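The structure under discussion appears below in the form of structure tokens.
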């Protein structure tokens, strides 16, 4: 079978655990006859971690050279096409999609989470970009509804990270059990007062449960929050900075409950049969809460009383149920539809 060169484009090499998990899953799902070339913010690190060819996503010369010598452009996954922060991100990815089309490359939009799109310009550009794709897969109902509105064909399946292989984490099992993982992130809705309330609640929760708290920053910007919480805990705790997304997922194999803001931390935890409690800062987290029936709060409606927060966590810790083995297997099996789409579209 002829070897195909495929350019993989996403928010890769930027130190975000969720996006790295998507890249690791995409590489895991690619057929052996595909040679990947990853556009990365840190190509040296990407080459070292995944043993693949990589080039600087910010170098127009390098990107153009790679694309001219490749057959397929795979655009994914995650929330690449959204303008909640600025219009720059969707325009960057749409621009590369347009270039790929001009160069005669086959284009595939893989495991997309589309939106929010608040600007008319970005909505129009996004619609045009998806219309030009040979195949499209999305990971949530809201994205599917938007593509249906645009009359664009698609496959909908759970986030592909459900199917990511996991790797054991060195030293995890040496820590006292039971363990609870906490994944908070820097965001405007996590105000200093809300962080204080969450920290006080976590201190009370730990005293009541005698759990070991694992603080897991998914990105460098999360580290100061994790360190702040760790400095105030009175019981056993450990900070884990894991760069390999397979280890990130493996961490949750040794955890009883996860309290998380990060979208992919909740998926990884749920896939490991953890009880999950979500703190939503973004529509994608709220959608996941609905789809999996996860308890939690929108951060904007977080209770002001740390005791109420702690008591709510205690009830879930004592009485909450994780996903069943059958539920998890169903999600993993359906997530593999993203792999099937790649195979069908590439050949």
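The set of residues in region 126-140 that are in contact with a strand residue (DSSP E or B) (Cβ under 7 Å, 6 or more places away or on another chain) and at pLDDT below 95 contains only 132. Of 46, 25, all but one fail to be assigned to a helix (DSSP H, G or I) and in contact (Cβ under 8 Å) with a residue 40 or more places away in the chain; the exception is 25. Within region 142-176, restricting attention to residues that are free of Cβ contacts under 8 Å to residues at least 12 places away in the same chain and outside any loop (DSSP other than H, G, I, E, B), the residue that is surrounded by the fewest Cβ atoms within 10 Å (Cβ to Cβ) is 174.
Determine, yes or no, whether residue 132 is over 22 Å from the mean Cα position of the chain (by Cα) and in the same structural domain as residue 96 (by TED's automatic domain parsing). Yes, satisfied.
Filtered by the rule that a residue be part of a loop (DSSP other than H, G, I, E, B) and touching a helix residue (DSSP H, G or I) at 6+ places or on another chain (Cβ under 9 Å), region 185-216 gives 185, 186, 187, 189, 190, 191, 211, 216. Looking across 228, 265, one residue alone is touching a helix residue (DSSP H, G or I) at 6+ places or on another chain (Cβ under 9 Å), part of a helix (DSSP H, G or I), buried (at least 21 other Cβ atoms within 10 Å of the Cβ) and touching a residue at least 24 places away in the same chain (Cβ under 8 Å). It is 265. Scanning region 49-83 for residues that are without any contact (Cβ under 8 Å) to a residue 60 or more places away in the chain and assigned to a loop (DSSP other than H, G, I, E, B) returns 51, 52, 57, 58, 59, 81, 82, 83. Suppose the filter is over 22 Å from residue 79 (Cα atoms) and either touching a strand residue (DSSP E or B) at 6+ places or on another chain (Cβ under 9 Å) or outside any loop (DSSP other than H, G, I, E, B) (or both); does residue 32 pass it? Taking the combined requirement at face value, the residue does not satisfy it. Would you mind finding the one in 179, 127, 123, 139 that is under 30 Å from residue 330 (Cβ atoms), over 17 Å from the mean Cα position of the chain (by Cα) and crowded, with 16+ Cβ neighbours inside 10 Å? Criteria check complete, one pass: 179. Selection of region 77-108 for residues being in contact with a strand residue (DSSP E or B) (Cβ under 6 Å, 6 or more places away or on another chain) and on the phi > 0 side of the Ramachandran plot yields an empty set.
The values are calculated or read from the model by the stated rules, or taken from the named source; none is laboratory data. All values derive from a computational prediction rather than experimental measurement. We place every Cβ from the backbone using ideal geometry, glycine too, and count neighbours over all the protein chains shown.
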